Amino acid sequence: MTPFTILTAIAAPLIRDNIDTDAIIPSREMKSIGKTGLADGLFAGWRYTAIGSREPDPSFILNDPRYAGAQILLAGANVGCGSSREHAVWALAEYGFRAIVAASFNPIFRGNCVRNGIVPVEIDAMLIDADGPITIDLPRQTLTSASGRDIAFAIDAEAKAMLIGGLDAIDMTLTRAAEIARFREADRNRRPWAYL
Amino acid sequence: MTPRTAFEKIWADHLVADLGDDTGLLLIDRILLHERTGGVALNSLAEAGRTVAAPTQVFATMDHVVDTRPGRTDTTMMPTGTRFIAATRAAAHAAGLTLFDLDDPRQGIVHVISPELAIVLPGLTLVCPDSHTCSQGALGALAWGIGSTEAEHALATNTLRVGKPKTMRVTVTGRLGAGVTAKDLALHLLDRFGSSGAKGHVVEYAGEAVRALDIEARLTLCNMATEFSAFSAFIAPDEVTFDYLRGRAYAPEGAEWDRAVENWRGLVTDAGAMFDAELTVDAADVAPMVSWGTSPQQAVPLGRPVPDHDAIAGRDTREAYDRALAYMGLKAGQAIEGLAIDAAFIGSCTNSRLSDLRRAAAILKGRRVADGVRAICVPGSTMVKAAAEAEGLDRVFRNAGFEWRESGCSMCFFAGGESFGVQERVISSTNRNFESRQGPGTRTHLASPETVAASAVAGRIADPRPIGA
Ligand code: SF4
């Protein structure tokens, strides 16, 4: 995972509430059993003129030349609701997004973002001047809008450490393998029925 | 001792280590996989050179992309679906997991089979890379949906790193009226409190109306907690729960059963325990519901029209509201009851259990689906299908003009194969009415199985109560 510290980039405003993961990556676009080859299907239902077509719909924000190369997505509340498919985050990451700014995140989607190096910035995107590049400083937990105003955001320490360090959660947990084994041993006596 | 919520007790029982900042390393008791996301997780795990730490506690099923037409094979309607099946099968065998394959009598939708096989038990932590895992909290477990990468973590380590969710209690006082179901209650909560209403919370459903629900209805209620943006849902285990689980395939037996039940009786919220949020609704206010828009919160009691934007302005932006109406081909103030439908669907992890099929069949008995309406019933599991057939429900559905299918998710979601048509209006017992959820451009109206059945017969969205289930 690529570590994240400070990013200054164009932010594409897709400020609709309840953008669900079916919208981010429609099921029909999840053709392979891997985690790659998904960027093309990102927002396919909105991005192209017709189902199955690859002709860009000029009215969709990501097809607007002003937002070419955007690495930050501004979204509405409850972004990433719906299906838990991590493909939504893989598609966003493959397309080039490194951060999402939204008033609120679906909890599963938020966890998927953190595990794939995308910073979930919980700020109402309507309040941000994105008329020009904006900066996200993760160590300081601030977003600097295009007009230079700093806005602080909250993120839990675990997510922050994983994102900044580009850490793999499994490796982190496996350092505690002996502790987990001891816990299971004792728990098996307490709750034998839980062990098959 | 300070009074604790049931959730806090389960959390404490599973806390291997406190990782600080309200994050815990939690022991995971059960991991469920399906071919849509499970194969990816297993393969990625293997590629990283890691193994499944406790394969006997991991179960996989084939439900999402499998064909549900009679006489099915590995071939799917979704163009590349067969590869998902093959990959999951190979990976499950290699990892030594229990797999409920296509020809297994225990096969079915993951959230339907786990309770019926007693894979989920009270007090367990259970995860699955599927958002409707919250359904299984109906049995008194802490069950929640995760992503594939988290699934890999759980598989490799028997644990997850979890930010401690906030708690919410939703108390439903009184009793649901005749013909009013758990599905209507779920939609009522969404209409009233919005689809972010339980954002990130573990929701404990409590109160007389909830206690009065049987397990299948509790599963329906908890199923739609993800539509409520909850971390998970939970209903304290009680005699109804124990009666349901006793004797099922993976339930403990003999002395171990007795010991387990004794432990499970403690999994209730202590008097005086504090929740971060509390909601109370009166069951008498709940009526049969139907959704009109493209978010599950966009729902109204049957008989009520599409609300004006003013009435819900605090929740839906004007843009979202207009977009939903345009997609659904509706106008503000238009009646929902009486809208002509093209199709009716009974299935999904929300409403495809035996009691759901029984209630729908009671309406369909001796009646026919209206001309021009395509009607499909997909039992939630192969066991549900067999039980329904044993009591002749399949004949009731077939005689009424319903297709009677093999179990799976089927047209609950459009996987790229079979679907309803563009701008077709479908009344559906499923949980999501998002744009194109059931097919490109398809217009989905969520409702209870009895409303779906009554509507199929009428050819338009209809109240099931006059027919009287
Ligand atoms: S039935 Fe529908 S909602 Fe349930 S698991 Fe399958 S696809 Fe998901």
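With bins 10 Å wide beginning at 0, the percent of Cα pairs of segment B:18-118 falling in each bin runs 15, 43, 29, 10, 3, 0.
Would you mind classifying segment B:98-207 by shape? Square roots of the alpha carbon gyration tensor eigenvalues, ordered a ≥ b ≥ c; an a/c under 1.5 is rounded, otherwise it is prolate if a/b is larger than b/c and oblate if not. Since a/c reaches 1.5 but b/c is at least a/b, the shape of segment B:98-207 is classed as oblate. For segment A:1-159, the extents of the C-alpha atoms along the principal axes are 42, 33, 26 Å, listed from largest to smallest.
Taking other Cβ atoms within 10 Å as a rough exposure proxy, B:D258, B:D371 sort from fewest to most as B:D371, B:D258. The three principal axes of the Cα atoms in segment A:120-196 give end-to-end lengths of 61, 23, 17 Å, sorted in falling order. Across segment B:330-404, counting alpha-carbon atoms alone, Rg and Dmax equal 13.7, 46 Å.
Put simply, the C-alpha atoms of segment B:187-291 give a gyration tensor, and the ellipsoid matching it has half-axes of 28, 16, 13 Å, longest first.
Our helix-only sum for chain A, with -39,500 (n - 2.57) per DSSP H run of n ≥ 4 divided by its residues, gives a mean residue ellipticity at 222 nm of -7500 deg cm²/dmol.
When each of the peptides A:177-189, B:205-217, A:71-83 is scored by the mean number of other C-beta atoms lying within 10 Å of its residues, the order from highest to lowest reads A:71-83, B:205-217, A:177-189. Beyond 43 Å, the tail of the calculated P(r) for chain B holds 10 percent of the Cα pairs. For segment B:103-140 and segment B:365-403, what is the separation of their C-alpha centers, rounded to whole Å? For segment B:103-140 versus segment B:365-403, the Cα centre distance is 24 Å. Dipole of the protein assembly as shown computed with +1 at Lys/Arg Cβ and -1 at Asp/Glu Cβ about the Cα centre; of B:S355, B:L126, B:H188, farthest Cα towards the positive end is B:S355. Mean shadow of segment B:178-242, computed from the convex hull of its alpha carbons, in nm²? Taking the Cα atoms of segment B:178-242, their convex hull projects to 4.2 nm² on average. Each helix, a run of at least 4 DSSP H residues, gives -39500 (n - 2.57); summed and divided by the residues of chain B, these come to -9000 deg cm²/dmol at 222 nm. In terms of other Cβ atoms within 10 Å, B:M77, A:M126, B:M383, B:M224 run from fewest to most in the order A:M126, B:M77, B:M383, B:M224. Beta bridges per DSSP, both residues in chain A: antiparallel share near 45 percent.
Could you name the lysines whose alpha carbon sits less than 16 Å from that of B:K166, not counting residues in the same chain fewer than 8 places away? Straight-distance partners of B:K166: B:K9, B:K199. With coordinates expressed along the principal axes, the C-alpha atoms belonging to the protein assembly as shown extend over 68, 63, 51 Å, beginning with the largest. Footprinting exposure proxy ranking of B:Y244, B:Y250, fewest other C-beta atoms within 10 angstrom first, gives B:Y250, B:Y244. Charge tally around B:G174: other residues with Cβ under 12 Å, Lys/Arg +1 each, Asp/Glu -1 each, net -1. Reported to the nearest whole Å, the Cα centre-to-centre distance from segment B:186-254 to segment B:2-40 is 18. Shielding value for B:153-160 is 5, the average number of Cβ atoms from other chains within 10 Å of each residue's Cβ. Selection among A:V89, B:V110, B:L267 by position relative to the dipole of the protein assembly as shown gives B:V110 as farthest towards the positive end (Cβ unit charges, Cα centre). Assuming charge only on the beta carbon of Lys and Arg (+1) and of Asp and Glu (-1), the dipole of chain A about its Cα centre is about 660 debye to the nearest 20. P(r) tail, segment B:236-356: Cα-Cα pairs separated by more than 19 Å, 68% of all pairs. In sequence order, segment B:312-319 has phi-based couplings of 10, 4, x, 10, 9, 5, 4, 5 Hz under the Karplus curve 6.51 cos²θ - 1.76 cosθ + 1.60, θ = phi - 60°, and Gly or Pro positions carry x.
Working note: Karplus 6.51/-1.76/1.60 with θ = phi - 60° gives segment B:398-410 the couplings 5, 4, 6, x, 7, 6, 10, 10, 7, 6, x, 6, 6 Hz, where Gly and Pro are set to x.
Values in this text are rule-based calculations from the coordinates and carry no lab data. In this text, all values refer to a predicted model and were calculated from it rather than measured experimentally. As a convention, Cβ positions derive from the backbone with ideal geometry for all residues, glycine included, and neighbour counts pool all protein chains shown.
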